[in-house]
1. Which of the following residues is more than 18 Å from the chain's Cα centre (by Cα) and either within 18 Å of residue 140 (Cα to Cα) or surrounded by 14 or more Cβ atoms within 10 Å (Cβ to Cβ) (or both): 244, 225?
2. Within the range 167-199, can you find the residues that are out of contact with any Gly (no Cβ under 9 Å at 6 or more places or on another chain) and not in a helix (DSSP H, G or I)?
3. Of the residues in the range 189-208, how many are touching a residue at least 12 places away in the same chain (Cβ under 8 Å), of a type outside the set (S, T, N, Q) and within 18 Å of residue 265 (Cβ to Cβ)?
4. Is it the case, given these coordinates, that residue 55 is assigned to a helix (DSSP H, G or I) and more than 14 Å from the chain's Cα centre (by Cα)?
5. Condition first: surrounded by 14 or more Cβ atoms within 10 Å (Cβ to Cβ) and in contact with an Asp or Glu (Cβ under 9 Å, 6 or more places away or on another chain). Now tell me which residues in the range 197-216 satisfy that.
6. Picking from 159, 154, 211, 121, which residue would you name as being touching a residue at least 60 places away in the same chain (Cβ under 8 Å) and not acidic (Asp, Glu)?
7. Mind telling me which of the residues 210, 188, 176 ends up being under 24 Å from residue 42 (Cα atoms) and within 19 Å of the chain's Cα centre (by Cα)?
8. Considering only the range 211-244, how many residues are of a type in the set (A, V, I, L, M, F, W, C), modelled with pLDDT of 85 or more and in a loop (DSSP other than H, G, I, E, B)?
Amino acid sequence: MDPTPVVDWQPRPKFRDRTWLHVLLFLATVATTVLTGGFAYSATILAILGCHELGHYLACRYYDVDASLPFFLPMPISLTGTLGAFIRIREPIPQKRMLFDIGIAGPIAGFLVAVPALVIGVAMSTVMKMPDDFVGLELGEPLLFKLVSWIFWGTQPDGYSLNVHPIAFGAWFGLLATALNLFPIAQLDGGHIAYAVLGRRSTYVSYIALGAAVVLSFFASSWIVWTVLMIVMFSRVGIAHPPVFDEEVALDRPRQMLALFALAMLIVCFTPVPIEFKDLIKH
């Protein structure tokens, strides 16, 4: 009888990427963001998005969880010139603390870039009188944006508005992207954090967050797209977060405090009406 054949099995190499594709998408996003808001805006938003995704990527490297380099998403015809960026995590994350650290590393890294950019950008902005016949888009201001604006410029009188510098515009988009990523839903960063803290109870939080997005879409049309994208995501991956093997183990105290910090970031970066059509024409 022939002996049992020996299979020479080799594990799949990790962190292998088509580097040319990532570079190409990055350069395309540089082009679309420069055309949208100029070099200062482009540098600001790419720094925020890049640090956010590198936060995730480096955390994956630390825990040896296979992940891709960041994919940047150019969007030529849009207000921002980009749809953001993401990395692909190509294997399950086995432990709760690993899931938490990978999930929160991105928002913290991006936030640490967005805050000084916001301060610099708002300081370089100007207050201007609005034309009586102004028609256009108005950006909703997150709490952090309102605070920094008030510190530098106080309260604008009626008929005046802050004309934001491109760096401030990039920081505004960075804050908005941070808030959306921190929504406690499924495979978003906030979903990873919520599951690591609450376990299976995080599914109820996801339902509440989705319901809140649906309600917001009735008050601000800019929420409709995000709500539809969340529904599509749920239809593909489900609303419950994939389990880890130590689901019942509570997070340690420092990570619980970081979870509260993530909640605080969501609150100060959130705006219920991100983009609003403004019509000041007197009829």
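The values are calculated or read from the model by the stated rules, or taken from the named source; none is laboratory data. Just so you know, these numbers come straight off a predicted model, no measurement behind them. No Cβ is skipped: glycine too gets one built from the backbone with ideal geometry, and neighbour counts run over all protein chains shown.
1. On the way: 225 fails: more than 18 Å from the chain's Cα centre (by Cα).
On inspection, the qualifying residue turns out to be 244.
2. Of everything in the range 167-199, just one residue is out of contact with any Gly (no Cβ under 9 Å at 6 or more places or on another chain) and not in a helix (DSSP H, G or I), namely 187.
3. Residues meeting the conditions: 10.
4. On the way: assigned to a helix (DSSP H, G or I): yes; more than 14 Å from the chain's Cα centre (by Cα): no.
In short, no.
5. Answer for the range 197-216, where residues must be surrounded by 14 or more Cβ atoms within 10 Å (Cβ to Cβ) and in contact with an Asp or Glu (Cβ under 9 Å, 6 or more places away or on another chain): just 199.
6. Details: 159 fails: touching a residue at least 60 places away in the same chain (Cβ under 8 Å); 154 fails: touching a residue at least 60 places away in the same chain (Cβ under 8 Å); 211 fails: touching a residue at least 60 places away in the same chain (Cβ under 8 Å).
Criteria check complete, one pass: 121.
7. 176 is the lone residue from the list that is under 24 Å from residue 42 (Cα atoms) and within 19 Å of the chain's Cα centre (by Cα).
8. Total satisfying the criteria: 1.
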